[in-house]
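**Student:** One structure, pasted below without further comment.
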Amino acid sequence: MTTSTNPLAIVADVPVDTRHWIGGRRVASAETFTTVSPVTGAPLARISRGTSADADNAVAAALDAFPGWAATSRAERAALLHAVADGIEDRLEDLAAVETLDNGALLRSHRRGVMPRAAHNFRFFADHLLGLGHDDLDTRGHTNHISWDPAGPCALITPWNAPLMLATWKAAPALAAGNTVVLKPAEWSPLTASLLADITAAAGLPPGVLNVLQGYGPEAGHALVSHPGVRRIGFTGSVPTARHIAAAAAPHLTPVSFELGGKSPLLVFADADLDLAADLAVEQYDNAGQVCLAATRLLVEESVAAEFTRRFTERAGRLRRGDPREETTDVGPVVHPRQLERIDGFVRRALDTGARAVIGGGPDTGLGGLHYRPTLLTGVTQESEIVQEEVFGPVLTLQTFTTEDEAVALANGTRYGLAAVLATGDRERARRVTARLVAGTVWVNCFFVRDLRAPFGGSRASGTGREGGTWSFDFSCDVKNTVTAP
Ligand code: NAD
């Protein structure tokens, strides 16, 4: 074990220590793996490749720190979490620059949206903690008092598409509730988790309260979620990984919260404002389509399909592709060569089986690197792979419908149920259709408006449970009801 604090990587001029952060110390593994920037194609950093022994140490540190942290007052915890939020804001430029080189998402989005939201996650859950509670219930003169007891160490496993936003979305409520945390970031985008460790230490979070375990999912991740000392598993990622985690959690009956993939529909009715509908559709290319919530299936009422497509392609044609560090870029590279291949595989197979590319249809070789052209495919059937499977890239499909019933059947006709977007000028229709959709979030004439007090999650293969507001505390805690006689 080494306790040296020398940074091991300089990324965008920012020193990043890429060892684990365990019990308030930097800890190296014997082996490392190298990440490569999707922006430059150059190696970025050598990251400690966590082993099951490292996972054991991280959970041991979280267990050691748990009683002390759980015993702190709500006010103390809230103050420390606000200090973490301050630290994120102070280092916003560093975090934004490092994350852009790490996962290829737009620098301007990181600066204006993602990193402020990461800080807000801490502020929001700190404040929510202070107001958490119910009025006591009366049962024939007996009082029922409900309390949220922290459960213990939480294993938090996050994906690469919004690394710090999702890490803080899970860590902030767990910590606010009085739990300790072991965070395992994705191996394709591990760097801002390392910076978060520095920020929490500088904010005064006691050693062992937040630990960062680096490494591969089937190694460090598997060891972590299999550990009997872990009392909650919060996972955001893909359906196949969720199945592994559910099996690993089963022997200890460790509760899991899964936020998984999606294949969300965007329904455009003939009564919609078609300019708004086209804007909403083009928004689905954000982050090069690598967004779980993206409404990638455009379902358009037959009578307006031609006009909608005209307005959509006109807008999509204005998207500027290029280096995500440039202010003017709208669509940057995808995260990894394997992701590019995966996306292209889906599109090739769709084109081979009768789909037609209205726009896009392949990588952007002119830009080099990992750019995929924003793509819209028509001539697809409901049963086809491209309609049923999550592509996680800038690829949309367009199908038409003639009745509301048909629209709902198409919208609900995949195994997912994460979100849905409706474009309609008829509020009564919006109410009717929304009631029939299987989705954790429905946006009517808008997209991506989020309130952290509201529940967030997916139905069917898109996940289990809900996070956000009190739902996050319910998951993180052993909720207790104390009944006292008069
Ligand atoms: P992934 O499932 O491949 O990996 C996610 C994380 O799980 C990584 O940290 C990985 O190291 C870890 N992991 C892999 N195998 C593991 C194992 N056996 N045990 C423990 N951990 C393991 O997902 P990804 O490719 O990184 O992310 C893309 C997926 O995430 C998409 O399906 C996307 O829709 C989903 N996602 C969902 C939401 C949501 O809120 N619903 C948000 C963002 C992304």
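FYI, it's all coordinate maths here, none of it is from the lab. Source: prediction; values computed, not measured. Here the Cβ is made from the backbone with ideal geometry for all residues, glycine too, and neighbour counts use every protein chain on show.
**Student:** If you fit an axis through the alpha-carbon atoms of helix 74-90 and take the longest principal axis of the Cα set of the chain, what angle between them do you get, 0 to 90°, nearest 10?
**Tutor:** In the chain, helix 74-90 runs at an angle near 50 degrees to the longest axis.
**Student:** How much mean residue ellipticity at 222 nm does the chain get from its helices, if each DSSP H run of length 4 or more adds -39500 (n - 2.57) and you divide by all residues, to the nearest 500 deg cm²/dmol? If you can, show how the numbers build up before the last one.
**Tutor:** Values: 15 runs with 176 residues, N = 486.
Dividing the helical sum by the residues of the chain leaves -11000 deg cm²/dmol.
**Student:** Which of the listed residues, Ser147, Ile199, Leu166, is farthest toward the dipole's positive end in the chain, when Lys, Arg count +1 and Asp, Glu count -1 at the beta-carbon?
**Tutor:** The one lying farthest along the dipole's positive direction is Ser147.
**Student:** Sorted from fewest to most neighbouring beta carbons within 10 Å, what does the list His142, His128 look like?
**Tutor:** His142, His128
**Student:** Identify the trypsin sites (Lys or Arg not before Pro) of region 427-462 meeting these criteria: DSSP loop state and at most 13 other C-beta atoms within 10 Å of the C-beta. Don't skip to the answer; put the middle values down first.
**Tutor:** On the way: sites: Arg427, Arg429, Arg431, Arg432, Arg436, Arg450, Arg453, Arg460; in loops: Arg450, Arg453.
Loop-located and lightly packed - Arg450, Arg453.
**Student:** Which of Leu376, Leu81, Leu210, Leu92 has the fewest other C-beta atoms within 10 Å, and how do the rest follow up to the most?
**Tutor:** Going from sparsest to densest Cβ surroundings: Leu92, Leu376, Leu81, Leu210.
**Student:** Further, regarding this structure: Per-residue counts of other Cβ atoms within 10 Å, averaged by peptide: what ranking do you get for 41-50, 332-341, 350-359, highest first?
**Tutor:** 332-341, 41-50, 350-359
**Student:** Relative contact order for the chain using alpha-carbon pairs under 8 Å, separation at least 6, rounded to a whole percent?
**Tutor:** Dividing the mean separation by the residue count of the chain yields 17 percent.
**Student:** Please compute the length gained on full extension between Asp135 and Arg432, using 0.36 nm multiplied by the number of residues separating them and subtracting their Cα-Cα distance.
**Tutor:** 103.5 nm
**Student:** Let me ask something else about it. With +1 assigned to the C-beta of every Lys and Arg and -1 to the C-beta of every Asp and Glu, and no other charges, what is the dipole magnitude of the chain about the Cα centre in debye, to the nearest 20?
**Tutor:** 480 debye
**Student:** What order do you get for Lys480, Lys263, Lys184 when you list them from fewest to most C-beta neighbours inside 10 Å? Let's see the in-between values first.
**Tutor:** Values: Lys480 10, Lys263 24, Lys184 30.
The most exposed by this proxy come first: Lys480, Lys263, Lys184.
**Student:** Same structure again: Looking at Ile88, Ala58, Ala45, which one has the Cα that reaches farthest to the positive end of the dipole of region 1-98 (charges on Cβ: Lys, Arg +1; Asp, Glu -1)?
**Tutor:** Positive-end residue among those listed: Ala58.
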